[in-house]
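Chemist: Quick one: the structure is below, and I'll ask about it shortly.
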Amino acid sequence: MKKAMIYILLAILAITLIIVAVVMSNPLRRTPETIRERLLQSMPVGTSKEEVLEVIRENEWELIHANDNGGVAMANIVEGGSWEESTGEQSIRAILGRYGIRPVRYLVEAWWAFDENGELIDVFVRRTTTFR
(Lines give C-alpha, C1' and ligand atoms only; values in the text may rest on other atoms or scores of the structure.)
Protein backbone atom coordinates (compact mmCIF):
# COMPACT_ATOMS: atom_id res chain seq x y z
CA MET A 1 0.00 0.00 0.00
CA LYS A 2 2.78 2.45 0.92
CA LYS A 3 4.69 1.54 -2.23
CA ALA A 4 1.63 2.21 -4.40
CA MET A 5 1.08 5.57 -2.72
CA ILE A 6 4.71 6.57 -3.37
CA TYR A 7 4.34 5.67 -7.07
CA ILE A 8 1.13 7.68 -7.31
CA LEU A 9 2.77 10.71 -5.69
CA LEU A 10 5.80 10.43 -7.98
CA ALA A 11 3.51 10.20 -11.01
CA ILE A 12 1.58 13.28 -9.89
CA LEU A 13 4.85 15.16 -9.32
CA ALA A 14 6.17 14.16 -12.76
CA ILE A 15 2.95 15.23 -14.48
CA THR A 16 2.99 18.54 -12.62
CA LEU A 17 6.60 19.21 -13.63
CA ILE A 18 5.82 18.41 -17.27
CA ILE A 19 2.82 20.76 -17.27
CA VAL A 20 4.87 23.56 -15.67
CA ALA A 21 7.68 23.06 -18.21
CA VAL A 22 5.27 23.17 -21.17
CA VAL A 23 3.45 26.25 -19.87
CA MET A 24 6.65 28.15 -19.06
CA SER A 25 8.25 27.31 -22.42
CA ASN A 26 5.62 29.38 -24.26
CA PRO A 27 7.55 32.44 -25.55
CA LEU A 28 4.42 34.59 -25.31
CA ARG A 29 4.60 34.29 -21.51
CA ARG A 30 7.82 36.28 -21.46
CA THR A 31 7.67 39.97 -20.58
CA PRO A 32 6.73 42.40 -23.36
CA GLU A 33 10.23 43.86 -23.05
CA THR A 34 11.83 40.45 -23.64
CA ILE A 35 9.54 39.75 -26.59
CA ARG A 36 10.44 43.17 -28.03
CA GLU A 37 14.16 42.41 -27.67
CA ARG A 38 13.72 39.08 -29.48
CA LEU A 39 11.78 40.75 -32.27
CA LEU A 40 14.54 43.33 -32.66
CA GLN A 41 17.15 40.56 -32.77
CA SER A 42 15.41 38.96 -35.74
CA MET A 43 14.35 42.27 -37.32
CA PRO A 44 16.84 44.97 -36.32
CA VAL A 45 16.33 48.70 -36.78
CA GLY A 46 16.65 49.43 -40.51
CA THR A 47 14.81 46.26 -41.61
CA SER A 48 12.46 46.96 -44.52
CA LYS A 49 8.70 46.87 -44.13
CA GLU A 50 8.54 44.05 -46.72
CA GLU A 51 10.97 41.94 -44.68
CA VAL A 52 8.89 42.44 -41.52
CA LEU A 53 5.75 41.39 -43.42
CA GLU A 54 7.59 38.26 -44.61
CA VAL A 55 8.56 37.36 -41.01
CA ILE A 56 4.92 37.85 -39.95
CA ARG A 57 3.79 35.47 -42.73
CA GLU A 58 6.50 32.90 -41.90
CA ASN A 59 5.49 32.85 -38.23
CA GLU A 60 1.79 32.75 -39.12
CA TRP A 61 1.08 35.74 -36.92
CA GLU A 62 -2.25 37.46 -37.51
CA LEU A 63 -1.68 40.63 -39.55
CA ILE A 64 -4.13 43.31 -38.38
CA HIS A 65 -2.95 46.12 -40.64
CA ALA A 66 -0.07 47.54 -42.61
CA ASN A 67 -0.43 51.32 -42.73
CA ASP A 68 1.54 53.36 -45.27
CA ASN A 69 0.11 56.66 -44.02
CA GLY A 70 0.54 56.65 -40.25
CA GLY A 71 2.89 55.64 -37.49
CA VAL A 72 2.17 53.83 -34.25
CA ALA A 73 -0.21 55.85 -32.06
CA MET A 74 0.93 55.84 -28.45
CA ALA A 75 -2.70 55.49 -27.35
CA ASN A 76 -2.46 51.88 -28.60
CA ILE A 77 0.59 51.13 -26.53
CA VAL A 78 0.59 53.18 -23.35
CA GLU A 79 -2.35 53.55 -21.02
CA GLY A 80 -3.30 57.19 -21.14
CA GLY A 81 -1.26 57.66 -24.33
CA SER A 82 -2.29 60.23 -26.87
CA TRP A 83 -3.77 59.53 -30.30
CA GLU A 84 -1.91 62.61 -31.52
CA GLU A 85 1.46 61.29 -30.34
CA SER A 86 2.90 58.68 -32.69
CA THR A 87 6.17 57.06 -33.68
CA GLY A 88 7.12 56.73 -37.33
CA GLU A 89 5.44 57.51 -40.62
CA GLN A 90 4.26 53.96 -41.42
CA SER A 91 3.28 51.01 -39.24
CA ILE A 92 2.36 47.35 -39.04
CA ARG A 93 0.26 45.70 -36.34
CA ALA A 94 0.04 41.95 -35.78
CA ILE A 95 -1.20 39.55 -33.12
CA LEU A 96 1.69 37.32 -32.07
CA GLY A 97 -0.60 34.94 -30.23
CA ARG A 98 -3.00 34.18 -27.43
CA TYR A 99 -2.70 31.95 -24.40
CA GLY A 100 -4.40 31.14 -21.13
CA ILE A 101 -7.33 29.12 -19.92
CA ARG A 102 -10.82 30.53 -19.79
CA PRO A 103 -12.00 32.69 -18.16
CA VAL A 104 -8.60 34.46 -18.21
CA ARG A 105 -6.96 34.83 -21.63
CA TYR A 106 -3.96 36.88 -22.76
CA LEU A 107 -3.39 38.57 -26.11
CA VAL A 108 0.12 39.54 -27.25
CA GLU A 109 0.34 42.15 -30.00
CA ALA A 110 3.21 43.94 -31.73
CA TRP A 111 3.43 47.23 -33.59
CA TRP A 112 6.35 47.98 -35.89
CA ALA A 113 7.06 51.66 -36.64
CA PHE A 114 8.81 52.67 -39.88
CA ASP A 115 10.26 55.88 -41.22
CA GLU A 116 9.12 57.51 -44.49
CA ASN A 117 11.38 55.11 -46.44
CA GLY A 118 9.77 52.01 -44.92
CA GLU A 119 12.72 51.18 -42.68
CA LEU A 120 12.10 49.92 -39.15
CA ILE A 121 12.72 52.44 -36.38
CA ASP A 122 11.08 50.75 -33.37
CA VAL A 123 8.90 47.89 -32.14
CA PHE A 124 6.28 47.98 -29.41
CA VAL A 125 4.75 44.94 -27.67
CA ARG A 126 1.62 44.88 -25.55
CA ARG A 127 -0.01 42.08 -23.58
CA THR A 128 -3.65 42.49 -22.63
CA THR A 129 -5.81 40.38 -20.38
CA THR A 130 -9.38 39.43 -21.22
CA PHE A 131 -11.94 37.82 -18.99
CA ARG A 132 -14.58 35.66 -20.64
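The values are calculated or read from the model by the stated rules, or taken from the named source; none is laboratory data. Bear in mind the structure is a predicted one, so any value in this text is a computation, not a measurement. Please note: Cβ atoms are built from the backbone with ideal geometry, for glycine as well, and neighbour counts cover all protein chains shown.
Chemist: Can you tell me which residue is surrounded by the fewest Cβ atoms within 10 Å (Cβ to Cβ) among those in region 48-89 that are within 13 Å of D115 (Cα to Cα), of a type outside the set (D, E, K, R) and at pLDDT below 95?
Modeler: N69
Chemist: Across region 90-115, what is the total count of residues that are among the charged types (D, E, K, R) and modelled with pLDDT under 90?
Modeler: Matching residues across region 90-115 total 1.
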